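Enquirer: One structure, pasted below without further comment.
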Amino acid sequence: MVIKVVALSGSLRKGSYNKGLIRSAIELSKGGVEGIEIEYVDISPLPLLNTDLEQEGTFPAEIEAFRQKILGADSILFASPEYNFSVAAPLKNALDWASRPPNVWAGKPAAIVSAGGGFGGGLAQFHLRQVGVFLDLHFINKPMFTLNAFQPPAKFNSDGDLIDEGTKEKLKAVLVSLKAFTLQLQGNN
């Protein structure tokens, strides 16, 4: 059985380290972690949440397409930068759109990875976990993956691609845990 994972980055920046974590996770899923398929879903086309855009129980096309991606996933991989001790606005917007009735996050296993300065996104992870409680997301508890991207040795190249092998191993451990937790919640352990 192949676990279908939707990966979302809270950063819209082209050279984002968080997008780099997702690209690396996708590469790992093609060789280092069997039985998991990761699809990156770009949240930049989503308009700001505005319920006036909902018409007679329907959503704009880009919102409906996004909601269907979440609905069709077995689990979710969030790559969340930390802005002002919290989740980045684009990611919060995506969370809100997919939570509109019916909530398509409900019951989904999930994992969070983050890269940044200071705490490496740890405070954003704590906040995302709080939001996830209301959304009925089920996060893996361990391993927790935070990365101070600015401490030597270099973790990313100038394009935002993950180059540090030790960090790739930590990312792989997250994917293995997410796969196992997804199978457990599905009753396939």
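The values are calculated or read from the model by the stated rules, or taken from the named source; none is laboratory data. Only a predicted model underlies this, so the values are computations on that prediction, with no experimental measurement involved. Here Cβ is always computed from backbone atoms with ideal geometry, including for glycine, and neighbour counts include all displayed protein chains. What goes into the accessible areas is simple: the full protein's heavy atoms, side chains included, and nothing from ligands, DNA or RNA. Shrake-Rupley method; radii C 1.70, N 1.55, O 1.52, S 1.80 Å.
Enquirer: Of the residues 51, 167, 146, which exhibits the maximal mean-square fluctuation in a Gaussian network model of the chain defined by a 10 Å Cα contact cut-off?
Expert: Judging by the Gaussian network model, the answer is 51.
Enquirer: A follow-up question, please. Report the accessible area of residue 49, computed with a 1.4 Å probe over the heavy atoms of all protein chains in place, in Å² rounded to the nearest 10.
Expert: My reading of the accessible area for residue 49 is about 70 Å².
Enquirer: Still on this model: Using alpha carbon coordinates only, what is the Rg to Rh ratio of segment 60-119, with Rh defined as the Kirkwood radius?
Expert: Checking Rg against Rh, the ratio lands at 1.00.
Enquirer: Let me ask another. Would you calculate the convex hull of the Cα atoms in segment 29-97 and tell me its volume per residue in Å³? Could you put the intermediate results ahead of the total?
Expert: Numbers: hull volume 7.4 nm³, N = 69.
Measuring per residue, one finds 107 Å³ for the Cα hull of segment 29-97.
Enquirer: With angles folded into 0 to 90 degrees, how steeply does helix 61-72 sit against the dominant principal axis of the chain? Use alpha carbons for both and round to 10.
Expert: Approximately 60 degrees, to the nearest ten.
Enquirer: Skip the ligands, DNA and RNA, and give the accessible area per residue of the chain with a 1.4 Å probe, whole Å².
Expert: 49
Enquirer: Follow-up question, since we're still on this one. May I ask for the angle, rounded to the nearest 10°, between helix 165-185 and the longest principal axis of the chain, with both axes built from Cα atoms and the value confined to 0 to 90°?
Expert: 40
Enquirer: Okay, next question. For segment 1-61, state which GluC sites (Glu not before Pro) are in a DSSP loop and have at most 12 other beta carbons lying within 10 Å of their beta carbon.
Expert: In loop regions of segment 1-61 (DSSP not H, G, I, E or B), the sparsely surrounded GluC sites (Glu not before Pro) are 34, 56.
Enquirer: Of all accessible surface on segment 1-146 at a 1.4 Å probe, what whole percent is carbon and sulfur?
Expert: With neighbouring chains kept in place, the figure for segment 1-146 is 55 percent.
Enquirer: Related question: On the first, second and third principal axes, largest extent first, how far apart are the outermost C-alpha atoms of the chain in Å?
Expert: Over the chain, Cα extents along the principal axes are 53, 39, 26 Å.
Enquirer: Another question, then. Compute the separation of the alpha-carbon centres of segment 48-109 and segment 112-189 and state it in Å as a whole number.
Expert: If you average the Cα positions of each part, the centres end up 19 Å apart.
Enquirer: Give me the angle, in degrees from 0 to 90, between the Cα long axis of helix 89-99 and the longest principal axis of the Cα atoms of the chain, rounded to the nearest 10.
Expert: Between helix and principal axis, roughly 50 degrees.
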